[in-house]
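What follows is one structure encoded as structure tokens, with my remarks underneath.
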Amino acid sequence: MQKNPRDTGDDMRDQVRRGYAAIATATEAEPCCAGGCCGGDAQAPEQIAAAVGYDADDVRGLPDGANMGLSCGNPHVIASLREGETVLDLGSGGGFDCFLAGPKVGAAGRVIGVDMTPEMLAKARRGLDAYRRSTGLGNVEFRLGEIEHLPVGDASVDAVISNCVLNLVPDKPRAWREIARVLAPGGRVAISDLALLRPLPADLQNDAEALVGCIAGAVEVDAIRRDAEAAGLVDVRIEARTDYVDAMSTWQDPLYARLAGGLPEGATLADFITSAAISARKP
């Protein structure tokens, strides 16, 4: 059996950093991983974005490489971003959701993307010139940092968004406390993530590829609610959406197929895991 990448927080974090560095530097000739939320060649990024609710015209207008097929939902649907707001994107990757948020908050607004992987940060920053040319805006920036130690001031953002990233964080209660810290009073959370409906079989919890694929690091819905409320957030709502996990089964996704083989007879991955739309507010 593989060494459990969650033996310690540092082990998990290093595993994720290596996995996403490989994704950021991958080419069509040398794909990086087996599929799932970690990307791969099972489905084109545009098809994944469409499957989880992104508008095709918006996605087509993004800088090259920003959409890497790493979404498991669309946080913009619940974020309702407004002109002049400051938005923080946790685990911003190639800049996908940041570049979509920029025009929504306009010249008076600001979008900050935070990612712990230098290769992802470099990829996102390469898209800034194209973003400025296409929108005329200079309101997006990217910072290196971990979600448990955000390089963002107290009470300084109006909305925190994230897409299929919190499941990768070793210390989830601390991540929620950081989210609450950086939100201004009345600020809100709009997160798409994977969540467990019931515990995964032990072999899948110990699978390094499933961790980077956003599955082995997911926690149960009740744990998400508990962590958010313990951090001081209110109006916590978690809506289970089956579209992403159901779609994986039709994409012939190699990670899905391998993990499905480790489930009890008659069970599917959708019996264990769901895409969740998570919203909350700082009082």
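Between GLY106 and residues 5 or more places away or on another chain, which pairs have amide H atoms under 5 Å apart, with H built 1.01 Å from N, and which residues are they?
Amide H to amide H, under 5 Å and 5 or more residues apart or across chains, GLY106 pairs with GLY84.
Hey, any idea what % of the range 89-166's accessible area is carbon plus sulfur with a 1.4 Å probe?
Carbon plus sulfur share of accessible area: 49 percent.
Of ILE147, ALA184, LEU168, which is farthest on the positive side of the dipole of the range 131-204, counting Cα position, with +1 on Lys and Arg Cβ, -1 on Asp and Glu Cβ, and the Cα centre as origin?
ALA184
Sort THR268, THR274 by heavy-atom solvent-accessible area, probe 1.4 angstrom, most to least.
My answer, sorted largest first, is THR268, THR274.
Could you pull the accessible area for GLU239 with a 1.4 Å probe, rounded to 10 Å²?
We get 100 Å² for GLU239.
For the range 237-244, what does the Karplus curve 6.51 cos²θ - 1.76 cosθ + 1.60, with θ = phi - 60°, yield as ³J(HN,Hα) per residue in whole Hz, taken in order and with x for Gly and Pro?
My calculation for the range 237-244 gives 10, 10, 9, 6, 10, 8, 4, 5 Hz in order.
If you build the convex hull over the alpha carbons only and average its shadow over all orientations, what do you get for the range 53-110? Give it in nm² to one decimal.
On the way: hull surface 15.5 nm².
Orientation-averaged projected area of the Cα hull: 3.9 nm².
Work out how much length ARG226 to ALA108 would gain on full extension: take 0.36 nm times their residue separation and subtract the Cα-Cα distance, in nm to one decimal.
Numbers: separation 118, 0.36 × 118 = 42.48 nm, distance 3.48 nm.
Contour length minus the Cα-Cα distance gives 39.0 nm.
For GLU220, enumerate residues with amide H under 5 Å from its amide H, sequence gap 5+ or separate chain, H modeled in the peptide plane.
Residues meeting the amide H criterion: LEU196.
Would you please state which residues of the range 56-88 a label at ARG133 would reach in this model, taking the label point 7 Å out along Cα→Cβ and a backbone N cut-off of under 15 Å?
61-66
For the range 74-152, go through all pairs of different Cα atoms, get the mean of 1/r, take its inverse, and jot down that Kirkwood value in Å.
12.4
Among 88-96, 163-171, how do they line up by average Cβ neighbours within 10 Å per residue, starting with the highest?
Going by the mean number of other Cβ atoms within 10 Å, highest first, we get 88-96, 163-171.
The values are calculated or read from the model by the stated rules, or taken from the named source; none is laboratory data. Note that the coordinates shown come from a computational prediction; the quantities given were computed from them, not determined experimentally. Using ideal geometry, Cβ is built from the backbone for each residue, glycine included, and neighbour counts are taken over all protein chains shown. These area figures cover heavy atoms from the full protein model, side chains too; ligands, DNA and RNA do not enter into them. Shrake-Rupley method; radii C 1.70, N 1.55, O 1.52, S 1.80 Å.
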